[in-house]
1. Give the stretch 38-72 a look and list any residue that's farther than 21 Å from residue 208 by Cβ and of a type in the set (D, E, K, R), or say none.
2. Kindly indicate the residue of the stretch 304-333 that is at pLDDT below 95, in contact with a Lys or Arg (Cβ under 9 Å, 6 or more places away or on another chain) and assigned to a loop (DSSP other than H, G, I, E, B) and also farthest from residue 197 (Cα to Cα) among those meeting that condition.
3. Please pick out the residue among 92, 19, 97 that is modelled with pLDDT of 80 or more, in contact with a helix residue (DSSP H, G or I) (Cβ under 7 Å, 6 or more places away or on another chain) and farther than 19 Å from residue 280 by Cβ.
4. Across the stretch 129-169, what is the number of residues that are buried (at least 17 other Cβ atoms within 10 Å of the Cβ), within 27 Å of the chain's Cα centre (by Cα) and of a type in the set (Ser, Thr, Tyr)?
5. I need every pair where a residue in the stretch 68-81 that is part of a helix (DSSP H, G or I) has its Cβ under 7 Å from the Cβ of a residue that is charged (D, E, K, R), sequence separation at least 6 or different chains.
6. Could you please tell me which pairs satisfy a Cβ distance under 8 Å, a separation of 6+ or placement on different chains, a first residue in the stretch 162-176 that is under 16 Å from residue 254 (Cβ atoms), and a second residue that is outside any helix (DSSP H, G or I)?
7. Which condition does residue 287 not pass, out of (1) crowded, with 20+ Cβ neighbours inside 10 Å; (2) modelled with pLDDT under 95; (3) of a type in the set (Phe, Trp, Tyr), if it passes all the others?
8. Just name the residue that is surrounded by the fewest Cβ atoms within 10 Å (Cβ to Cβ) out of those in the stretch 227-280 that are aliphatic (A, V, I, L, M) and outside any helix (DSSP H, G or I).
Amino acid sequence: MLMQALLRHLRFLIAVQLLPALESGEETLVGGQAVLEGVMMRSPHAWGISVRRPDGTVSTHSEPLERLSEKHKWMGWPVVRGVITLGQAMVLGFRALRYSADVALEVPGKAGEADAKAKKTEISGWVAAVNITLSVGFFIFLYKFVPLVAATKLKDSYPAFGSQIGFNAVDGVVRIALFLLFIWGVSLMPDIRRVYQYHGAEHKTVFAFESHDPLEPKNVQAYSTFHPRCGTSFLMTVMILSIAIYMLFPAQTFVTRFALRVALLPVIAGVSYELIRFAAKHGKSLFAVLTKPGLWLQRITTKQPTDVQVECAISALNEAMELEKTHGGQLVIA
């Protein structure tokens, strides 16, 4: 029993670390996130989630969602809106994961208890803050601190890598390699592979909705699992863009370089958000080319879903859109 509980907790922690790669944060469009045995979908003013219980039935939940840029105009400014939207998406994504864990990872025979826990989706501010801080801390350690240490060690051994271009190129290559290793390594776990299938179901469903196709499994399955507004594309864009931006700051000491990487993280995230947003609307632009590696990477983070998994994604989107009608009006996709 203890081992099973530890494994369930491990699956949840891994899913939390995958949050930035699995979610699609966008304030003005439909997006979503794969969760444990289900999908969360969000519209500008609502979100809905559908999770498959161990007995095969589906648990659903929906809530209205506050659009921050409507309340505070400055939160809608370019670059700033990216940081704000991504922060909100992380909080919402954590809540959705908690809901899915309560439903999908509960011990068989305790469905009623799981549903009762899952209905309590509200999470205290400090709990969400601690978990998101830990997630961001892990990100900074693995993708900022470790690559910087590796590049510094290599520079000390081989002075040829001491130039501004050489040092930051090595730093960037190590960062991307660690990211690829992590998402590939966890994909070998059966439970995470299923999360990647739900990720594919989410993308297919969003594509079908944006194409005004009836949301039925047969129609949805005809679409691609690769979507330009995916969190995977966002993270890869962050890592590629950071190489170029770090080259603009000729810091020399380890402490200065590390502080610079932490301080510039919100700026790089905000700019990357704008690039992904622009590329999604202008598929043949130069910026769209820069996001191609992220689309290629979705070959790992999205898998072909089953019809049953697609049904969860459709259910989640229907839940969100039903609330959207009463809290924000009918969303129109051009």
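1. 53, 55, 63, 66, 67, 70, 71 - these are the residues of the stretch 38-72 that are farther than 21 Å from residue 208 by Cβ and of a type in the set (D, E, K, R).
2. Selected residue: 328.
3. Within the list 92, 19, 97, the selection yields 97.
4. So the answer is 2.
5. 69/27; 69/81; 75/81; 81/27
6. Partner pairs satisfying both residue conditions: 164/247; 164/250; 168/247.
7. (1)
8. The extreme case among them is 248.
The values are calculated or read from the model by the stated rules, or taken from the named source; none is laboratory data. All values derive from a computational prediction rather than experimental measurement. No Cβ is skipped: glycine too gets one built from the backbone with ideal geometry, and neighbour counts run over all protein chains shown.
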